[in-house]
Every structure is written in structure tokens, then in C-alpha cells.
Amino acid sequence: MDDMATHMERERLERLLRGQADLMQEVHLLLGAEQKHDDVLRAAVMSSSGRQTVRLSRVDPDRVFHLDSIRALCVRYRLRFLPGGLFKGPVPNTAIRALRDLERIAEEPLTGFMVMAPSSRFKLCDSEVDPLLFVPLGNDRYYLVHKWGHDIARARAVLNWPLRDALTLAITVLVLGSMLGLLIPTAWVTTLPDAGFWGAHRVLAMFWSAMVAASFTVFGWFAFFGQFSSEAWNSRYFN
């Protein structure tokens, strides 16, 4: 009798173990399928040409941005807005999860991925910061899927203000050149022993230093093929 009970317990335990093994196998298969789907999404982002549009059954209006707003932000912070196929670096799992959430409201496969990031994050044809992933909705509207990395520092807008366009660069050079003229000792700009700080000599010094600064800036800009943010925000080229 004891042998019979022991045999039955062993068979029952074996059935439980077989059932657990089958369950674990199903879990592994499911996880493998999920990982394969994540890899497909990641590959779609990294190979995107940004030319297709996506239809969504419903959208969060706070995540929809017009191209004009995107361009203004790129110019302000000196960023690029380019297809995902040019983006270099990994696409994090948080972005993939956001894409999977977006798939639930998409009426077709997600395509046309665009990325907003500094130029250093792209494989530019001529050649860590804050990428933002978008999908196009048509009519120059883009849906923000996910943002990773650190927040864009306001100091970036200040430091890159001179590079927005020709006018901002000219203003910066003239202001800095004039300030340099204020730092020149009076004895260096006039031979009059009783000359004060202010006078025609000081105006001439400020004008001279501003012109010198402008000359070096123009030479360096053309020598290194400088590009203003207003022109570079959607350019595939380094310069």
C-alpha cells in the first residue's frame, strides 16, 4: 500500500513538473517572440528614410507638432531633424515600449521615423545628448513618440544664439568687438597725455576692434564652411 501511494505521489509530482516545464517553454517562446518584435521595431527606426506617413486612430494633441515649431526649436538649440536611418547610437527599450504603445492606435505599420538631436548623433554624409523620436502624420505634422537622454539645457540656446542666422552672428561679433575696444588701455589708442577714457579715440578703438573681429569671423566661417542653424536644421551634411 505504501509503495502504491509513493508511486502515485511520484506520478503526480512528475505531472506537475512536466506541466511546469511546458509552461516555462511557452513563456520562453512568448519572450522570444516579443524580443523579435522589438528588434523589428528597432530596425525599422534605424533604417527609416522619413518619407512615409502614419495614420493613427487617435492621437494625443499635446504630442503633435507642426514642422514650423520643430524647425524653430532646431534653430534655437542648434539641433538636426533627420530620418531615423541617419541616427547613430542605440534606440533604448523605453523608446521601443513607446512604439509598441503607439502600434495599438496605428491603422498601419509604423514607418517614416524622424529624429531630432544634435548633429553629433547622426551619420552625416560629410563626415550625448537629447534625441526625440517622431512619426509623420502628414500635412507637415509630426507625432512625438518618445524622448530619451537628458533634458535640453537652456544654456545650449544661449551658447548657440550667434549661430542661428547671419544677423545674430553679426550682432554678436560687433558687440564682442566693441567690448574688446573698451578693454584697450587709453595709452594704447592715443598719444595725448591728458586724454580721458571717453572720446573720439575710444570710438575709433571700438570700431577698429569690431572690424578686426568681423574680419577673423568671416575668414573662419568661410574657411571652415560654417553653416547657420536656420540652414542646417534638416541638412544631411556635416557642413
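The values are calculated or read from the model by the stated rules, or taken from the named source; none is laboratory data. On a predicted model such as this, the values are computed, not experimentally measured, just so you know. Methodologically, a virtual Cβ is constructed for each residue, glycine included, from the backbone with ideal geometry; neighbour enumeration extends over all protein chains shown.
Quick notes on this one:
- Residue within region 174-184 that is aliphatic (A, V, I, L, M), assigned to a loop (DSSP other than H, G, I, E, B) and in the same structural domain as GLU103 (by TED's automatic domain parsing) present: no
- The single condition from (1) buried (at least 19 other Cβ atoms within 10 Å of the Cβ); (2) in contact with a Pro (Cβ under 9 Å, 6 or more places away or on another chain) that VAL145 fails is (2).
- When region 194-218 is filtered for residues that are among the aromatic types (Phe, Trp, Tyr), surrounded by fewer than 13 Cβ atoms within 10 Å (Cβ to Cβ) and either modelled with pLDDT of 85 or more or under 16 Å from THR172 (Cα atoms) (or both), only PHE216 remains.
- Residue in region 44-67 that is outside any strand (DSSP E or B), in the same structural domain as PHE113 (by TED's automatic domain parsing), β-branched (Val, Ile, Thr) and within 21 Å of the chain's Cα centre (by Cα) present: no
- Close pairs from region 76-93: first not assigned by TED's automatic domain parsing to the domain that holds VAL145, partner buried (at least 22 other Cβ atoms within 10 Å of the Cβ) and assigned to a loop (DSSP other than H, G, I, E, B), Cβ under 8 Å, at least 6 apart: none
- The lone exception for TRP233 - which of (1) modelled with pLDDT of 80 or more; (2) aromatic (Phe, Trp, Tyr); (3) touching a Lys or Arg at 6+ places or on another chain (Cβ under 7 Å) it fails: (1)
One line per residue, one yes/no per condition, for (1) loosely packed, with under 15 Cβ neighbours inside 10 Å; (2) within 20 Å of ALA157 (Cβ to Cβ); (3) not aromatic (Phe, Trp, Tyr):
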position	(1), (2), (3)
LEU79	no, yes, yes
LYS88	yes, no, yes
ILE96	no, no, yes
GLU103	yes, no, yes
